[in-house]
Amino acid sequence: MQGLKLLRKGAVTAVLAVIAGIILIPIVITFTNSLMTGREIGTNYGLIGRMNDTAGSEANAFVNLKVLPDLVTMEQYGEVLIHSPRFLMMFWNSVFLVVPIIAGQTVVAALAAYAFSKLRFRGRETLFLVYVLTMLMPFQVTLVPNYIMADKLGLLQSPGAIILPGIFAAFGVFMLRQYMLHIPYAYIEAAKMDGAGHWRIFSTIIIPMVKPGVSALTVLLFVDYWNMVEQPLIFLDDPFKQPLSVYLSRVNQGEQGIAFAASMLYMTPMVLLFLYAETNFIEGIQLSGIKG
């Protein structure tokens with residue numbers, strides 16, 4: 001019986017290892033190809049830009065996908081970071097968009113989640129249900145109202161057209177509210193008996209206890225808004241105001257030589273943030289009840 005359990009465990013481990021390997025293949029190829037010279041990239045992937053413009057056998061040719069570079073070099077990284085100032089400019093555009101959204105939504109979500117989970121008032125559940133319904137609406141449904149509102153407020157072609165809707169999005173409220181439901185109400189009652197008000201309860205009891213949830217929310221929001229493309233394209237016509245995600249979606253158009261390096265640099269902040277908050281992220285996801 002013990003041997004059968006070990007066999008099953010080994011089989012499951014092997015299957016998961018294969019799946020993980022398949023998932024990691026694109027990342028490994030991106031990293032190794034980022035260490036190739038521009039000439040080698042052009043030789044292997046130059047057909048990408050010509051496939052739609054050529055006819056005959058050349059149009060049907062296959063791209064030469066290589067894993068290991070003939071010569072390891074940092075040429076692509078130098079091209080992106082030194083000779084392509086647009087990359088760094090759009091990187092900071094992304095930072096100036098994403099950081100205020102994460103900070104603002106975390107504050108608003110924490111306050112609203114406290115009200116929805118610990119304050120007792122008439123219509124609380126109905127109001128929360130209506131609030132969550134806005135989260136279920138796809139981006140395309142709210143696009144026109146957001147555009148009209150941004151136009152009326154004079155925010156079109158400015159970062160505020162993206163930042164303000166992001167701050168008041170419903171996802172953070174839902175996630176932190178689910179997390180706060182696991183905090184026993186006895187803590188609040190004991191604090192009230194000691195004369196503490198709601199602000200003191202919120203700041204000294206609730207917030208320290210929901211740090212894993214806040215960490216998980218920060219990671220999820222960063223991934224979501226760091227990768228946004230539709231909002232900048234619609235609300236920001238000026239290419240010098242658009243974030244790095246828009247640049248990366250166009251980088252293959254005649255710039256295959258720096259595409260791999262740009263992709264690696266693009267995903268680095270997300271990887272570092274996840275590694276930094278990994279423990280709290282996993283705990284926050286488990287207690288908030290969100291499943292993949």
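The values are calculated or read from the model by the stated rules, or taken from the named source; none is laboratory data. Bear in mind the structure is a predicted one, so any value in this text is a computation, not a measurement. FYI the Cβ positions are ideal-geometry reconstructions off the backbone, even for glycines, and counts take in every protein chain you see. What goes into the accessible areas is simple: the full protein's heavy atoms, side chains included, and nothing from ligands, DNA or RNA. Shrake-Rupley method; radii C 1.70, N 1.55, O 1.52, S 1.80 Å.
Compute the FRET efficiency between H182 and M270 as 1/(1 + (r/R0)^6), taking r as their Cβ-Cβ distance and R0 = 41 Å, and round to the nearest 0.05. Don't jump to the answer; show the numbers that get you there.
Details: r = 27 Å, r/R0 = 0.67.
Result of the calculation: an efficiency of 0.90.
For R86 and T37, FRET efficiency with R0 = 30 Å and r from the beta-carbon atoms, rounded to 0.05?
On the way: r = 22 Å, r/R0 = 0.72.
Result of the calculation: an efficiency of 0.90.
Find the accessible area per residue for the chain; the probe is 1.4 Å, ligands and nucleic acids are left out, and the unit is Å². Intermediate results must be reported in sequence, preceding the final value.
Values: 17090 Å² over 292 residues.
For the chain, the solvent-accessible area averages 59 Å² per residue.
Within a Cβ distance under 14 Å of L71, other residues only, what is the Lys/Arg minus Asp/Glu net charge? Mind showing how you got there, number by number?
Numbers: positive: R39, K66; negative: E40, D70, E75.
Once positives and negatives cancel, what remains is -1.
Determine the share of the chain's accessible area contributed by carbon and sulfur atoms, expressed in whole percent, with a 1.4 angstrom probe. Before the final figure, lay out each step's value.
Values: 11570 of 17090 Å².
On the chain, the fraction of accessible area on carbon and sulfur atoms equals 68 percent.
Work out how much length T73 to I282 would gain on full extension: take 0.36 nm times their residue separation and subtract the Cα-Cα distance, in nm to one decimal.
Working: separation 209, 0.36 × 209 = 75.24 nm, distance 3.66 nm.
Additional length available on full extension: 71.6 nm.
Can you tell me how much longer the chain between I148 and D237 gets when fully stretched, taken as 0.36 nm per residue apart minus their C-alpha distance, in nm with one decimal?
Answer, rounded to one decimal: 30.5 nm.
Under DSSP H, which helices of the chain have Cα atoms covering 27 Å or more of the helix axis and a Kyte-Doolittle average no less than -0.5? Mind showing how you got there, number by number?
Details: long enough: 2-33 (45 Å, 1.52); 85-118 (49 Å, 1.29); 256-276 (31 Å, 1.48).
In the chain, the long hydrophobic H runs are 2-33, 85-118, 256-276.
Need one number: nm distance between label points at E125 and K211, each 7 Å from Cα along Cα→Cβ, rounded to one decimal.
3.4
Is the shape of the chain rounded, prolate or oblate, going by the alpha carbon gyration tensor and its root eigenvalues a ≥ b ≥ c, with a/c under 1.5 for rounded and a/b larger than b/c for prolate?
Details: a/c = 2.46, a/b = 1.51, b/c = 1.63.
Oblate, since a/c reaches 1.5 and b/c is not below a/b.
Mean separation of Cα pairs under 8 Å and 6+ residues apart, divided by the residue count of the stretch 115-225: what relative contact order is that in percent? Walk me through the intermediate numbers first.
Numbers: 40 pairs, mean separation 33.9, N = 111.
Taking the mean separation of contacting Cα pairs over the length of the stretch 115-225, I get 31 percent.
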